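One structure is given here, and the rest of the page talks about it.
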Amino acid sequence: MSSLKILVTGASGFIGSKVSRILAETLPDSSVIGIGRKKMPSNAPDFPNYEYFSCDLLENSLNNSLPGEVDVVMHLAGDRRTFVKPDDYTPQTYSNIVLTSNMADYAYSAKAKLFIYASSVYVYSGNTDPPFLEDSVAIPRENLGATKLASESLLKARAYAGQFKALSFRIGTVYGPGSSQGQFIPQAIEQLSSTDPVAKFGSGDVKRDFIFIDDVAQAFAAGIRSLDRNVTYDAFNIGTNTQTSISEVVQILVDLIGTKKQIEFTASDKAGNDADTDHQLDIKKIGSFLGWQPHVTLHEGFSRTIESLNST
């Protein structure tokens, strides 16, 4: 593959920083440009083909802040919170839909050939028939899913207008070293590692499709291959095709940490909320088209996450 100029938004975030690192490492002849709100993070890729710029894409003029020409835009910036409060609906809509539209404008003006978008499993919110297939999307019942699906639709329209090729990656529940302390896995590890005699969790029967961060980053790297494929627009699931309950996750962590403390679960968190359905992503489509599949098991991923947290 020839040398490429690849722009990654959200590059200071959990997924974006890992995607930037994988791209810079596996495509040494290409130029990777990371854009993030924060100053250069301490875990930023240390490769000669990587540059990072601090920029708030919601406030700055894109044409003044970003390179004049790029080959690929990977858009990972946005508001990924789930089940936000009503006051946050409009800000999340702006962060996800308007910013995506603005980035699509930029990609077109920068002559980008490919636009890869970080969508979410929550486009399937309300769907009660897992595993979810890419063509089984209805109208989402949750705001994150609604804004992500709207953004996918915008990109599909741009792609079929001939502006660029576009892919949307519907990502499951991502975990691993570097994840936010507010996410469930690091919170659970902290609880189970503490000196408190009891560890309390929400509903144990909620099921999610947990996917390790390295596997997600490799999916974005695999997306580059679509430059040579006959595709205008498509959406792909990024998961493991496995649903794991919170109680199962906690038990795996208990065994890995070696704690004997008492574990308590509350009543179902999903009571009265038909948008919060169990997750399982069918991944045959991306395997067939891009040759991607996850490699990190839950036990390995959790072990690496625990080791990372213990070393900080």
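When you scan the stretch 96-106, do you find a residue that is more than 20 Å from residue 168 (Cα to Cα) and surrounded by fewer than 22 Cβ atoms within 10 Å (Cβ to Cβ), even just one? Explain how you work it out, then say what you get.
We begin by selecting, within the stretch 96-106, every residue more than 20 Å from residue 168 (Cα to Cα); these are none.
No, the stretch 96-106 contains no residue that is more than 20 Å from residue 168 (Cα to Cα) and surrounded by fewer than 22 Cβ atoms within 10 Å (Cβ to Cβ).
For the stretch 172-282, which helices (runs of 4 or more DSSP H) that fit wholly inside it have 2 or more residues that are closer than 16 Å to residue 293 by Cα? Walk me through how you get there before you give the answer.
Details: elements: 184-193, 213-223, 246-257.
Once the helices (runs of 4 or more DSSP H) in the stretch 172-282 are filtered for at least 2 residues that are closer than 16 Å to residue 293 by Cα, what remains is 213-223.
Give me the residue from the stretch 130-178 that is surrounded by fewer than 21 Cβ atoms within 10 Å (Cβ to Cβ), in contact with a helix residue (DSSP H, G or I) (Cβ under 6 Å, 6 or more places away or on another chain) and among the small types (Gly, Ala, Ser) and, out of that set, nearest to residue 248 (Cα to Cα).
Checking each candidate, the answer is 178.
So which residues in the stretch 119-160 are within 17 Å of the chain's Cα centre (by Cα) and among the β-branched types (Val, Ile, Thr)?
121, 123, 147 - these are the residues of the stretch 119-160 that are within 17 Å of the chain's Cα centre (by Cα) and among the β-branched types (Val, Ile, Thr).
Quick check on this structure: which one of 236, 201 is modelled with pLDDT under 95 and in contact with a Ser or Thr (Cβ under 9 Å, 6 or more places away or on another chain)?
On the way: 236 fails: modelled with pLDDT under 95.
Only one candidate passes the filter, namely 201.
Consider residue 122 carefully, then state whether it is on the phi < 0 side of the Ramachandran plot, surrounded by fewer than 20 Cβ atoms within 10 Å (Cβ to Cβ), of a type in the set (Phe, Trp, Tyr) and part of a helix (DSSP H, G or I).
Numbers: on the phi < 0 side of the Ramachandran plot: yes; surrounded by fewer than 20 Cβ atoms within 10 Å (Cβ to Cβ): no; of a type in the set (Phe, Trp, Tyr): yes; part of a helix (DSSP H, G or I): yes.
So residue 122 fails the test.
Of the numbered conditions (1) under 25 Å from residue 126 (Cα atoms); (2) in a helix (DSSP H, G or I); (3) modelled with pLDDT under 95; (4) not hydroxyl-bearing (Ser, Thr, Tyr), residue 83 satisfies every one except a single condition; which is it?
(2)
Only one of (1) among the polar types (S, T, N, Q); (2) free of Cβ contacts under 8 Å to residues at least 60 places away in the same chain; (3) under 21 Å from residue 22 (Cβ atoms) is not met by residue 242, so which one is it?
(3)
Specify which of the listed residues (68, 34, 16, 78) is surrounded by 23 or more Cβ atoms within 10 Å (Cβ to Cβ) and part of a loop (DSSP other than H, G, I, E, B). Give the steps one after another, and end with the answer.
Values: 68 fails: surrounded by 23 or more Cβ atoms within 10 Å (Cβ to Cβ); 34 fails: part of a loop (DSSP other than H, G, I, E, B); 16 fails: part of a loop (DSSP other than H, G, I, E, B).
78 is the lone residue from the list that is surrounded by 23 or more Cβ atoms within 10 Å (Cβ to Cβ) and part of a loop (DSSP other than H, G, I, E, B).
Before we move on, is residue 22 surrounded by 22 or more Cβ atoms within 10 Å (Cβ to Cβ), of a type in the set (Val, Ile, Thr) and either in contact with a Phe, Trp or Tyr (Cβ under 8 Å, 6 or more places away or on another chain) or outside any helix (DSSP H, G or I) (or both)?
Numbers: surrounded by 22 or more Cβ atoms within 10 Å (Cβ to Cβ): no; of a type in the set (Val, Ile, Thr): yes; either in contact with a Phe, Trp or Tyr (Cβ under 8 Å, 6 or more places away or on another chain) or outside any helix (DSSP H, G or I) (or both): yes.
For residue 22, the condition - surrounded by 22 or more Cβ atoms within 10 Å (Cβ to Cβ), of a type in the set (Val, Ile, Thr) and either in contact with a Phe, Trp or Tyr (Cβ under 8 Å, 6 or more places away or on another chain) or outside any helix (DSSP H, G or I) (or both) - is not met.
The values are calculated or read from the model by the stated rules, or taken from the named source; none is laboratory data. These numbers come from a predicted model, not from an experiment. Methodologically, a virtual Cβ is constructed for each residue, glycine included, from the backbone with ideal geometry; neighbour enumeration extends over all protein chains shown.
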